[in-house]
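Q: There's a structure below that I have some questions on.
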Amino acid sequence: MPRIKKVLAVETSCDDTSVAIVDHNGFVYFCESQNQDALHEPFGGIVPEIAGRNHTHHLLPLIDMALKTEPKGWEAIDAFAVTHRPGLVGSLLVGVVTIKSLALALSKPFIGVNHLEGHLLAPFLRDAHYQPLENFNFPFVALAVSGGHSSLYKVSGLGQYEVLGRTVDDAAGEAFDKFAKMVGLGFPGGALVDKKAKLGRRDAFAFPRAMLHQDNLNFSFSGLKTAALKVVQSMTVNQLQSSLVDLCASYQEAIVDALIKKLEMALDQTKLDHFVITGGVSANSRLRERAEELAKKRGFALIVPPLRYCTDNAAMIAYAGIQRLNRGEESEDHMGVSPEVTI
């Protein structure tokens, strides 16, 4: 039996405040999040100071809510985990200072977790309504796509992550959000573009697929954004509105084409037949559809975690943290935070 059986974890790397209780098997007893979309929507994007300030409003009530699900209260919690990098420094500090304080007050260990590692291990989470594929295990290829990250990894085990490719400029999620803003859909834009795209023609506009035929596994989305902006600026207001669903469908297909092509190349290069798609952009219905087509065509095993475990959430941080705690790792009291995107 592992030394650490259950942890309480906190995720505050960006604008979502999340708290979870997870055991060493990855079973999620509690996971709740509070988003700030309404607060950032007027600005068309996330304002770091607003994000950090609002974590202070949401975090303690969520922790209190989590504890109410445990009959033994703090006695049921063996340790703590918290995201300490990468992310917005002000947001990360709220979570880290809170967990350090709880760990000190209760004389329990804590560990800082890399947000990206949380995403890569999210496929192993389970709950009363979801079980991952039986016997799915290391090694596998992971496509991690979100507003801040778009990378391909070979995941060979806990702490064994090889970067196969990454975006050389913008992340896929950022490309979706910027496009949504330029066509007047609002923020956050990814889900809104996806919704419109279901009604449009994917071949209506010939948007570029940068780096698609290069012999590497990197992505680029800045040229796509520029091409879309030129098209939008050439239209009248009426033309834009009448073409909106086609614009969304064509733009989305360009992003998904690039992601799926490089993913398939990564599977061929590594000779692996297990793969994962995780991160907020994995909520995109077209990306999921294309990934399932790829898995079926090649006879590969695919896991796309439920949306609640794809977006920023504390359950994935808890699972990564408890695995490290149970192999003897702990963080020191002087642990800091970092915006640096490394793993």
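The values are calculated or read from the model by the stated rules, or taken from the named source; none is laboratory data. For clarity, every value in this text was computed on a predicted model and none was experimentally measured. FYI the Cβ positions are ideal-geometry reconstructions off the backbone, even for glycines, and counts take in every protein chain you see.
Q: Scan segment 185-196 for residues that are of a type in the set (A, V, I, L, M, F, W, C) and either surrounded by 20 or more Cβ atoms within 10 Å (Cβ to Cβ) or without any contact (Cβ under 8 Å) to a residue 24 or more places away in the chain (or both) and jot them down.
A: Residues satisfying the conditions are L185, L192, V193.
Q: If the requirement is being closer than 30 Å to M265 by Cβ and without any contact (Cβ under 8 Å) to a residue 12 or more places away in the chain, which of these qualifies: N114, N135?
A: N135
Q: Which one of these is farther than 25 Å from M265 by Cβ, small (G, A, S) and under 25 Å from the mean Cα position of the chain (by Cα): G223, G189, G200?
A: After ruling out the rest, the residue left standing is G189.
Q: Name every residue in segment 12-52 that is buried (at least 17 other Cβ atoms within 10 Å of the Cβ), of a type in the set (D, E, K, R) and within 30 Å of M182 (Cα to Cα), in order of residue number.
A: Matches in segment 12-52: D15, D16.
Q: Sort through L294, L272, L247 and tell me the only one that's modelled with pLDDT of 95 or more and in a loop (DSSP other than H, G, I, E, B).
A: L272
Q: Okay, moving on. Only one of E49, E41 is part of a helix (DSSP H, G or I), in contact (Cβ under 8 Å) with a residue 60 or more places away in the chain, of a type in the set (D, E, K, R) and closer than 30 Å to G184 by Cβ; which?
A: E41
Each row is one residue, and each column tells you yes or no for (1) surrounded by 20 or more Cβ atoms within 10 Å (Cβ to Cβ); (2) within 21 Å of N35 (Cβ to Cβ); (3) modelled with pLDDT under 95.
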position: V183; (1), (2), (3): yes, no, no
position: K198; (1), (2), (3): no, no, no
position: D203; (1), (2), (3): no, no, no
position: Q214; (1), (2), (3): no, no, yes
position: L240; (1), (2), (3): no, no, no
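Q: Quick check on segment 145-156. Is at least one of its residues modelled with pLDDT under 95, on the phi > 0 side of the Ramachandran plot and polar (S, T, N, Q)?
A: No.
Q: Report, by residue number, each residue of segment 106-123 that is of a type in the set (S, T, N, Q) and either on the phi < 0 side of the Ramachandran plot or part of a strand (DSSP E or B) (or both).
A: Hit for segment 106-123 is N114, nothing else.
Q: Does L287 satisfy the criteria of being farther than 20 Å from D177 by Cα, under 21 Å from the mean Cα position of the chain (by Cα) and at pLDDT 95 or above?
A: Taking the combined requirement at face value, the residue does not satisfy it.
Q: Scan A103, A81 and give me the residue that is assigned to a helix (DSSP H, G or I) and either at pLDDT below 95 or of a type in the set (A, V, I, L, M) (or both).
A: On inspection, the qualifying residue turns out to be A103.
Q: All but one of (1) closer than 24 Å to N218 by Cβ; (2) modelled with pLDDT under 95; (3) not hydroxyl-bearing (S, T, Y) hold for F140; state the number of the condition that does not hold.
A: For F140, the exception is condition (2).
Q: Sticking with this structure for a sec: Determine which member of the set L88, L116, L120 is surrounded by 22 or more Cβ atoms within 10 Å (Cβ to Cβ) and over 18 Å from A315 (Cβ atoms).
A: L88
Q: Only residues that are out of contact with any strand residue (DSSP E or B) (no Cβ under 6 Å at 6 or more places or on another chain) and crowded, with 20+ Cβ neighbours inside 10 Å: list them for segment 263-281, please.
A: Within segment 263-281, G280 is the sole residue that qualifies.
Q: Can you tell me which residue among E340, E289 is assigned to a loop (DSSP other than H, G, I, E, B) and either assigned by TED's automatic domain parsing to the domain that holds M182 or not hydrophobic (A, V, I, L, M, F, W, C) (or both)?
A: Every option except E340 fails the conditions.
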